[in-house]
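The values are calculated or read from the model by the stated rules, or taken from the named source; none is laboratory data. Being a predicted model, the structure only gives us computed values, none of them experimental. With ideal geometry, Cβ positions are generated from the backbone for all residues, glycine too; neighbour counts draw on all protein chains shown. Heads up: the accessible areas ignore ligands, DNA and RNA and are worked out on the full protein's heavy atoms, side chains in. Shrake-Rupley method; radii C 1.70, N 1.55, O 1.52, S 1.80 Å.
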There are 2 protein chains.
Amino acid sequence: MSSAPPGFELPLRLLLAFRSLIDELHAELGRQGHPDIRPMHGFVMQAIGPQGTTAVDLGHTLGVTKQAAGKTIETLERIGYVERTRDPEDTRRKIVRLTPYGMDALARSAQIFDDLRARWSATLGEDRLQALESDLRKVTPADLWRLDAPGWFGTM
Amino acid sequence: MSSAPPGFELPLRLLLAFRSLIDELHAELGRQGHPDIRPMHGFVMQAIGPQGTTAVDLGHTLGVTKQAAGKTIETLERIGYVERTRDPEDTRRKIVRLTPYGMDALARSAQIFDDLRARWSATLGEDRLQALESDLRKVTPADLWRLDAPGWFGTM
DNA sequence: CTAGATAGTGAACCAGGTTGTCTATCATGT
DNA sequence: ACATGATAGACAACCTGGTTCACTATCTAG
């Protein structure tokens, strides 16, 4: 039986790999006119999506409380990535929508992630990369968004 | 050319995979007498190692300020995982060492990580898992510890 | 023996999470 | 028609784990 590395290397490599993608994303986003965006903003905007959402829904999607979602929305609003409007159908609700600036960030993120994936593909070979993705799918939950990403590392 | 998934799936899967390992580690650690330990504590204790360190060194290893390292050490001391003694060679320095309780947590973590890796190996096949690890090594920095793990997601 | 570097600490601040509480609005059953 | 309960959002107080700035104590070198 060939020697397996110590088990603790695996999680570290996964985190490091994640980090390196995110770091490169944000370095590139900074160069492309989005210097103030931070990792969780990208995830949150991805979760908001083009059609908008509400604080409660967003909290539900991300697995955080509505208050936390509300704070994050406030921040994103302050830096110009989203805007809130009252829902005329239900005046309790406020619809959170990406601004054109936010849409731009989201589109650029998608492009940059594709480019980064292409770089990995060039390094590892597309077949190996697809195998890696396929393997990761086998060991992770189906729902991509329930990652409780914002702050989970600090609080759990 | 066969269809590649959108690039943003990859980082999410990496994070999710990391999370799931860490969550299972801590669920198991909780069952084995370490209910208060939290994700970053494991990393920090791993970084402290059996021979001990100092706040400045630890901060350097983890990529955070010495003050942040000091706070974390304080927390670990409070819950009994490390202890600090003055260095007789240089009375400015305080050597941080794992207590037997801390050693126990570290040993159990290592065992649990090995078990979790074995589970992945059973799910994916040992060859695929080794391929995955090898691929991750190709796209991550060599130094396993420079992950700025504690809180990095919140602050960057 | 003084000047500069280094170890640790404290204070003030920030981000992002939590729980608990409150108001406004919607929806429903009598 | 209206009281009751559920829901959306906001506010406050608090926790963690980061940051910077400032300070003391100690070591090291010229």
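Annotations
- Positions within segment A:42-55 being in a helix (DSSP H, G or I) and open to solvent by less than 10 Å² (accessible area, probe 1.4 Å), in sequence order: A:44, A:45, A:48
- Residue among B:31, B:97 that is more than 30 Å from residue B:135 (Cα to Cα) and within 16 Å of DNA strand C (Cβ to nearest atom): B:97
- Test: residue B:91 is in a strand (DSSP E or B) and either within 12 Å of DNA strand C (Cβ to nearest atom) or surrounded by fewer than 22 Cβ atoms within 10 Å (Cβ to Cβ) (or both): yes
- Against the conditions (1) away from every other protein chain (no Cβ under 14 Å); (2) away from DNA strand C (no atom under 13 Å from the Cβ); (3) among the small types (Gly, Ala, Ser), residue A:105 satisfies every one except (1).
- Considering (1) of a type outside the set (A, V, I, L, M, F, W, C); (2) open to solvent by less than 50 Å² (accessible area, probe 1.4 Å); (3) in contact (Cβ under 8 Å) with a residue 40 or more places away in the chain; (4) assigned to a loop (DSSP other than H, G, I, E, B), the lone condition that residue A:80 does not fulfil carries the number (3).
- Exactly one residue out of A:10, A:21 is surrounded by 17 or more Cβ atoms within 10 Å (Cβ to Cβ), away from DNA strand D (no atom under 15 Å from the Cβ) and more than 16 Å from the chain's Cα centre (by Cα), and it is A:10.
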